[in-house]
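The structure appears right after this line, and notes come after that.
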Amino acid sequence: MGFWWGAGAALLVLGCVLFVRIFLVLRRNEAHKPCKTGPASVLVVLGSGGHTTEILRLMNSLSASYAPRHYVIANTDRMSEEKVRFFEAVRTEENTEPQYTIHRIPRSREVCQSWTSSVISTLYSLLYSTPLVFQLKPDMVMCNGPGTCVPLCISALMLGIFGVKKVLIIYIESICRVETLSLSGKLLYNFSDYFFVQWSVLQKKYPKAIYLGRLV
């Protein structure tokens, strides 16, 4: 009986420490302002179809100092990799070494997938996302709504929770979301350092969101 009481107490203390750590990291996120100068590595989450088109338009507005650029694609996405390679080929000057990589992880949620199976597939995707993010250690994560971004952003938060590195999470809600946030947006609204929406209606509903008009 004494052993189990001791083990339970130890787990309780560990849980409290972890809760306090997460709370402090999230509080620090609210007040975080980027101060790094020079190159900044960025992890870009791509989704099939319109998500990829939008995020690459946003990437086109970033200067070359955002490097290296790590693109992450769902393993069932057959089109985004070609778009990335074309995009980078246009941006890269002659005799200049490309500063990007492409990675694939399991998709966390397919279109019309049930909620129950989505939880399982998201956890499965997280198993691949965490070691990848810990390996790349990006300075920032950029995403615009595909389900694949959720496990990647969780992994980025874990870098801060474990004291490895503070990663800036920037979420840009898709232009097609006019009155309601996407599921990814709802999940990441309180965890993003900067949360952008492209319609004023959404900014009124979600006061933390930043509205700058149409971005893509």
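State yes or no: is K186 over 18 Å from G49 (Cα atoms), of a type in the set (K, R) and part of a loop (DSSP other than H, G, I, E, B)? When the stated conditions are applied, K186 does not pass them. The residue that is surrounded by the fewest Cβ atoms within 10 Å (Cβ to Cβ), among those in segment 67-98 that are touching a residue at least 24 places away in the same chain (Cβ under 8 Å) and of a type in the set (A, V, I, L, M), is M79. Of the set (1) part of a strand (DSSP E or B); (2) at pLDDT below 90, all apply to L26 but (1). Taking each residue of segment 41-59 that is assigned to a strand (DSSP E or B) and looking for partners that are acidic (D, E) and at pLDDT 95 or above with beta-carbon atoms closer than 9 Å, six or more apart or interchain, yields V42/D139; L43/D139. Restricting the search to segment 52-111, which residues are within 15 Å of P146 (Cβ to Cβ) and hydroxyl-bearing (S, T, Y)? Scanning segment 52-111 gives T52, T53, Y71, T76, S80, S108.
The values are calculated or read from the model by the stated rules, or taken from the named source; none is laboratory data. Bear in mind the structure is a predicted one, so any value in this text is a computation, not a measurement. Every residue, glycine as well, gets a Cβ built from its backbone with ideal geometry; the counts of neighbours run over all protein chains shown.
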